[in-house]
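Novice: I am attaching a structure below and will ask some questions about it afterwards.
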Amino acid sequence: MGETAAKLGLARRGGDFLRNVLGPFLALVVVVSIFWIADSMQADGGRFATLRNAQNILVQSATVGVAALGMTLIIISGGIDLSAGTAMALSATSLAWFLREQYSPAVSVAAGIAVGCLCGCANGMLISLLRIVPFIVTLGTMTIYLGLAKIVGDNTMVRPLPDQVPLWMKQLLSPRVEYEWMVFAPGVWLLLVMALVTAAVLRYTVFGRYVFAVGSNEATARLCGINVPLVRIAVYTISGFFVGVAGLYQFTRLTVGDPTSGTGKELPIIAAVVIGGGSLSGGRGSILGTLTGALIMQVISSGCTSLRLPNPIQEIIIGCIIIAAVTIDQFRQRRQAV
Amino acid sequence: MPTALLRMSQVSKSFGATRALADVSLEARGGEVLALIGENGAGKSTLMKILSGAVSPDRGEMELAGRRFAPRGPHSARLAGVAMIYQELNLAPDLAVVENVMLGQESRRCGVVRRADERQRVRAALEQLDRTDLPLDLPVGQLSVADQQVVEIARALVTDAKVIVFDEPTSSLTRHDVQNLFRAIVRLKQSGMAIIYISHFLEEIRQIADRFVVLRDGSVAGSGPLAGATEADIVSLMVGRKVEELFPSVPHACGEILLSLEGLSGRRAPKGATLELRRGEILGLSGLVGAGRTELLRCLMALDPVRDGRVRIAGLEPRRTPHARIRAGLGLVSEDRKTEGLAQRETIADNLTYSRLQPYSRFGWLNLGHRRTAVEDWMRKLNVKARSSEQLVEHLSGGNQQKVAIARVMHQDADVLLLDEPTRGIDVGTKAEIYRLMAQLAAQGKAVIFVSSYFTELLAICDRVGVMARGELREIRPASEWTSESILSCALGVDGRT
């Protein structure tokens, strides 16, 4: 009996796998196919299905992707972080400031990431200690971080001299890869490694279970002796770390520290998680889904560009995809519930 | 001979491969209370959903007052004259009594609500229920559960319901409120309505119903007038086998003192609760809803703020955090499986092990295979019926969910188990299993505090019973020295002896 139960358990997890991962992945395949076909039907088409384009898309989605890793944790734990965009700009600006002030690249990067961690930690502390809902807290800190970034940047962009930016930073997210064997930019590989680690932490650690527990039902978590405030602070701090790395990514692409570059960026970050199957009511979400979500959005905007569709159309399509993704997800859940 | 107001013939419904209802026929007559009885999963809720129009039957016909009845949704069912009073009340807590009663059926002229007319109709409905004392303008959220139920019933009356279905209406009511509800039901019945009454409590059914229908595995297992049917008859129809003993006796003896409270006080309740609990003892806690029983357990667990008093477990005084209390050996099964007891959207394995993951973790990393074996072991021990340990808790029946919640405190190896209404809303068979489990735990030298509003089970299972009223722990006596009546008068604050 135990053996069959175990087998069923596997089958059951297989079902979960299909639902949580393959769902968004299938959407990605559909989106890619649509643009591939549309592109090859054009007279001067043939630019979509190229390695160059794949490299571009991955590089362009990496920044949102990194920040969305942290957002996935937050959303699974039942929270939200509206300050992710401005916190990312704050850490990018800080990083640029440290570089300009002649600090070594290593110190500057560490400082930039530390700023991200602090932003996240502050969010977590405010939510846990003041017991205010995450939406409101991060709505507040969103503006606070924007203001802080402007102070760091003295109300303008922070421009380190070209020779103050080390070569590896310039190559981190360059679409043209230095070494051909790498195929994709180092930043893309780094993102992949971080994603794997985060997914493993979510699935195979006690902390991961607690994150799901807190998001699924906070009262149950408390009843089971889980230190809910501590889990929450940890989640936001870890997410702050990813926001800091996203700041590094953002900086390497802009090569300036722009305090306002993160405004509005929280929305694609949240959208990536939601398209990837995350539930804003907590308890659900997956790293692989989130990355797929980030990719779907980038494929659409790149695809539209290569089809010469204007910007507003891209935005409308992405909006529709977000709503469609959640609708399909709900439908699937409802069917499962019966 | 009363006329059949609602007639269902040969109604069947399947969900995928699962046959939820198979050829169910029944009739509810005007001026009569029909009790619908069955274990969880017997098909009661599917039948309800069909009546309310939430799902439509695959086959079969329904007739309401001689006309074909095929509701397309809850609203259409309500308009046709079938009203549902659910276990979880469907009221908008911030709206006033009048607004709630008239919600969705506002009397209006050109889009403007005719307030005077509405008040008159609501007052008439409350009069019919003999509850004119309810303040019409109070937000419903400030009413007691019992009064909220009255508001729901009034809502049914305003729509001229012909059939009212009550789904476990007494599960969150005190004995006193139950009697009020029954008086209201009798009035409804006398006015010619047909009442369908769904409940697990056989004593209640005997008190209120005229006829019964027992559902088992989606079909009608038996029906007839209640007069003449014994409790044993009905129970054996429900479970499909003879239930020799609902209350199994496992001998257990009391040992040394394990838990002691001295003047434990919370914010509102409890007020200075003092008690001692020994190993191998089952202590029952009785009282009305709101008497402070749940608060006592929550303060013990440090889930609610503690104002004063000492808690000693095996001689030690643990810190005031849920974590410390769990480590000291306390385990709580919450009265509310849905919102607190279990994380509904997580798996059985997770829910069972949340409070004790250490055995499966090394430096924070989990050995999931090891855990699955252990969880499956517990599921077998407690007879949890599920496809696998990875099944989501929300897809389990109430009884199986409760077993998972109890398995968790057993898995965490709690010495003192605090069970808050563990048998509420679950089927008879599972109840018997839980009673046996409690006795076995006591026999192993654990101690149990058992909160229940059901006097019979308290008196049958517990060694001692304590009664709470208005936050105070009034009296603790050996179970043999209590009767249902003396518990009730103590809970109501009427001292039986003076």
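The values are calculated or read from the model by the stated rules, or taken from the named source; none is laboratory data. Please read all numbers here as calculations on a predicted model, not as lab measurements. Neighbour counts are summed over all protein chains in view; Cβ atoms, including those assigned to glycine, are modelled from backbone coordinates with ideal geometry. Note: accessible area is taken over every heavy atom of the protein model, side chains too, but ligands, DNA and RNA are not part of it. Shrake-Rupley method; radii C 1.70, N 1.55, O 1.52, S 1.80 Å.
Novice: Any chance region A:55-66 includes a residue that's surrounded by fewer than 22 Cβ atoms within 10 Å (Cβ to Cβ) and modelled with pLDDT of 95 or more?
Specialist: No - not one qualifying residue is present in region A:55-66.
Novice: Mind listing whichever residues of region A:45-54 are in a helix (DSSP H, G or I) and more than 17 Å from A:Leu28 (Cβ to Cβ)? Before you say what the answer is, go through the steps one by one.
Specialist: Kept after step one, since they are in a helix (DSSP H, G or I), are these residues of region A:45-54: A:51-54.
Answer for region A:45-54, where residues must be in a helix (DSSP H, G or I) and more than 17 Å from A:Leu28 (Cβ to Cβ): A:Leu51, A:Arg52.
Novice: Now a separate question. Of B:Ala405, B:Ala443, B:Ala374, B:Ala386, which residue is in contact with a strand residue (DSSP E or B) (Cβ under 7 Å, 6 or more places away or on another chain) and either modelled with pLDDT of 95 or more or among the aliphatic types (A, V, I, L, M) (or both)?
Specialist: When all the criteria are applied, what remains is B:Ala405.
Novice: Looking at region B:187-198, can you tell me whether even one residue there is open to solvent by 50 Å² or more (accessible area, probe 1.4 Å) and within 24 Å of the chain's Cα centre (by Cα)?
Specialist: Looking for residues that are open to solvent by 50 Å² or more (accessible area, probe 1.4 Å) and within 24 Å of the chain's Cα centre (by Cα), one finds none in region B:187-198, hence no.
Novice: Just give me the residues in region B:293-312 being away from every other protein chain (no Cβ under 14 Å), among the aliphatic types (A, V, I, L, M) and within 18 Å of B:Arg279 (Cα to Cα), in sequence order.
Specialist: Answer for region B:293-312, where residues must be away from every other protein chain (no Cβ under 14 Å), among the aliphatic types (A, V, I, L, M) and within 18 Å of B:Arg279 (Cα to Cα): just B:Val311.
Novice: Among the candidates A:Gly262, A:Gly282, A:Gly293, A:Gly277, which residue alone is within 12 Å of the chain's Cα centre (by Cα) and either polar (S, T, N, Q) or under 27 Å from A:Asn123 (Cα atoms) (or both)?
Specialist: The unique qualifying residue is A:Gly293.
Novice: Please specify each residue of region A:193-238 satisfying the condition of being at the interface with chain B (Cβ under 9 Å from one of its Cβ atoms), within 17 Å of the chain's Cα centre (by Cα) and either closer than 18 Å to B:Arg327 by Cβ or of a type outside the set (Val, Ile, Thr) (or both).
Specialist: Of everything in region A:193-238, just one residue is at the interface with chain B (Cβ under 9 Å from one of its Cβ atoms), within 17 Å of the chain's Cα centre (by Cα) and either closer than 18 Å to B:Arg327 by Cβ or of a type outside the set (Val, Ile, Thr) (or both), namely A:Ala200.
Novice: Right, another one. Only one of these is of a type outside the set (Val, Ile, Thr), open to solvent by less than 50 Å² (accessible area, probe 1.4 Å) and over 25 Å from the mean Cα position of the chain (by Cα): B:Glu118, B:Glu152, B:Glu99. Name it.
Specialist: Going through B:Glu118, B:Glu152, B:Glu99 in turn, just one is of a type outside the set (Val, Ile, Thr), open to solvent by less than 50 Å² (accessible area, probe 1.4 Å) and over 25 Å from the mean Cα position of the chain (by Cα): B:Glu118.
Novice: While we're on this one: Working only within region B:317-343, note down all residues that are more than 7 Å from chain A (Cβ to nearest Cβ) and closer than 21 Å to A:Ser281 by Cβ.
Specialist: B:Asp336, B:Arg337, B:Lys338
Novice: To continue, here is another question. Look through region A:175-192, keep the residues that are surrounded by fewer than 16 Cβ atoms within 10 Å (Cβ to Cβ) and within 19 Å of the chain's Cα centre (by Cα), and return whichever of them is nearest to the other protein chains (Cβ to nearest Cβ).
Specialist: A:Leu192
Novice: Being surrounded by fewer than 20 Cβ atoms within 10 Å (Cβ to Cβ) and not in a loop (DSSP other than H, G, I, E, B), is that true of even one residue in region A:211-223?
Specialist: yes
Novice: Let me ask another. Would you please list the contacts, defined by Cβ atoms under 8 Å and residues six or more apart or on different chains, that run from a residue in region B:320-332 that is without any contact (Cβ under 8 Å) to a residue 24 or more places away in the chain and buried (at least 16 other Cβ atoms within 10 Å of the Cβ) to a residue that is of a type outside the set (Asp, Glu) and in a strand (DSSP E or B)?
Specialist: Hits for this filter: B:Ala328/B:Ile313; B:Ala328/B:Leu316.
Novice: Another question about this same structure. Would you tally the residues in region B:344-355 being at the interface with chain A (Cβ under 7 Å from one of its Cβ atoms) and among the hydroxyl-bearing types (Ser, Thr, Tyr)?
Specialist: 2
Novice: Quick check: anything in region A:150-164 crowded, with 24+ Cβ neighbours inside 10 Å and at pLDDT 95 or above? Steps first, answer last, please.
Specialist: Start the filter on region A:150-164 by keeping residues that are crowded, with 24+ Cβ neighbours inside 10 Å, which leaves none.
No - not one qualifying residue is present in region A:150-164.
Novice: Next question. Quick check on this structure: which one of B:Gln358, B:Gln391 is touching a Gly at 6+ places or on another chain (Cβ under 9 Å) and either at the interface with chain A (Cβ under 10 Å from one of its Cβ atoms) or modelled with pLDDT of 95 or more (or both)?
Specialist: Just a single option satisfies the conditions, and that option is B:Gln391.
Novice: Of all residues in region B:460-476 being part of a strand (DSSP E or B) and among the basic types (Lys, Arg), which is nearest to B:Gly287 (Cα to Cα)?
Specialist: Step one: filter region B:460-476 for residues part of a strand (DSSP E or B), giving B:464-469, B:472-476.
Then drop every residue that is not among the basic types (Lys, Arg), which leaves B:464, B:474.
On the way: B:Arg464: 14, B:Arg474: 10 Å.
In this case the residue turns out to be B:Arg474.
Novice: Test A:Met71 against the criterion of being of a type outside the set (D, E, K, R), surrounded by fewer than 24 Cβ atoms within 10 Å (Cβ to Cβ) and out of contact with any Gly (no Cβ under 7 Å at 6 or more places or on another chain), and give yes or no.
Specialist: no
Novice: Cβ-Cβ distance below 9 Å, separation of 6 or more or different chains: which pairs start in region A:57-81 with a residue that is more than 19 Å from A:Val211 (Cα to Cα) and end on one that is open to solvent by less than 10 Å² (accessible area, probe 1.4 Å) and assigned to a loop (DSSP other than H, G, I, E, B)?
Specialist: Listed by first residue and then by second, the contacts come to A:Leu58/A:Ala185; A:Val59/A:Leu173; A:Val59/A:Ala185; A:Gln60/A:Leu173; A:Ala62/A:Leu173; A:Ala62/A:Ala185; A:Thr63/A:Leu173.
Novice: Same structure again: Of the conditions (1) more than 23 Å from the chain's Cα centre (by Cα); (2) among the hydrophobic types (A, V, I, L, M, F, W, C); (3) modelled with pLDDT under 90, B:Met84 fails just one. Which one is it?
Specialist: Tallying (1) more than 23 Å from the chain's Cα centre (by Cα); (2) among the hydrophobic types (A, V, I, L, M, F, W, C); (3) modelled with pLDDT under 90, B:Met84 fails exactly one: (1).
Yes/no matrix, rows are residues, columns are (1) free of Cβ contacts under 8 Å to residues at least 60 places away in the same chain; (2) touching a Leu at 6+ places or on another chain (Cβ under 7 Å); (3) farther than 22 Å from B:Lys49 by Cβ; (4) not acidic (Asp, Glu):
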site	(1), (2), (3), (4)
B:Ser107	yes, no, yes, yes
B:Arg115	yes, no, yes, yes
B:Arg121	yes, no, yes, yes
B:Leu126	yes, yes, yes, yes
B:Gln149	no, yes, no, yes
B:Asp160	no, no, yes, no
B:Val165	no, yes, no, yes
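Novice: Here are B:Asp94, B:Asp117, B:Asp130: which of them is in a loop (DSSP other than H, G, I, E, B), farther than 30 Å from B:Val213 by Cα and modelled with pLDDT of 85 or more?
Specialist: Numbers: B:Asp117 fails: in a loop (DSSP other than H, G, I, E, B); B:Asp130 fails: farther than 30 Å from B:Val213 by Cα.
On inspection, the qualifying residue turns out to be B:Asp94.
Novice: Continuing with this model, one more query. I'd like to verify a number: residues in region A:79-121 that are of a type outside the set (Asp, Glu), open to solvent by 10 Å² or more (accessible area, probe 1.4 Å) and not in a helix (DSSP H, G or I), how many?
Specialist: The qualifying residues number 5.
Novice: Which residue out of B:Arg68, B:Arg29 is open to solvent by 50 Å² or more (accessible area, probe 1.4 Å), touching an Asp or Glu at 6+ places or on another chain (Cβ under 9 Å) and not acidic (Asp, Glu)?
Specialist: The unique qualifying residue is B:Arg68.
Novice: Another question about this same structure. Please go through region B:364-388 and give me each residue that is among the aromatic types (Phe, Trp, Tyr) and facing chain A (nearest Cβ under 9 Å), ordered by number.
Specialist: Selection gives B:Trp365 alone.
Novice: Which of (1) in contact with a Lys or Arg (Cβ under 9 Å, 6 or more places away or on another chain); (2) farther than 30 Å from B:Leu136 by Cβ; (3) part of a loop (DSSP other than H, G, I, E, B) does B:Glu88 not meet, given it meets every other one?
Specialist: (2)
Novice: Output the strands (runs of 3 or more DSSP E) that fall wholly within region B:200-306 and possess 2 or more residues being over 22 Å from the mean Cα position of the chain (by Cα) and either loosely packed, with under 14 Cβ neighbours inside 10 Å or among the acidic types (Asp, Glu) (or both), or say none.
Specialist: It comes to B:257-266.
Novice: What number of residues in region B:213-235 are out of contact with any Phe, Trp or Tyr (no Cβ under 9 Å at 6 or more places or on another chain) and under 27 Å from B:Ser14 (Cβ atoms)?
Specialist: 9
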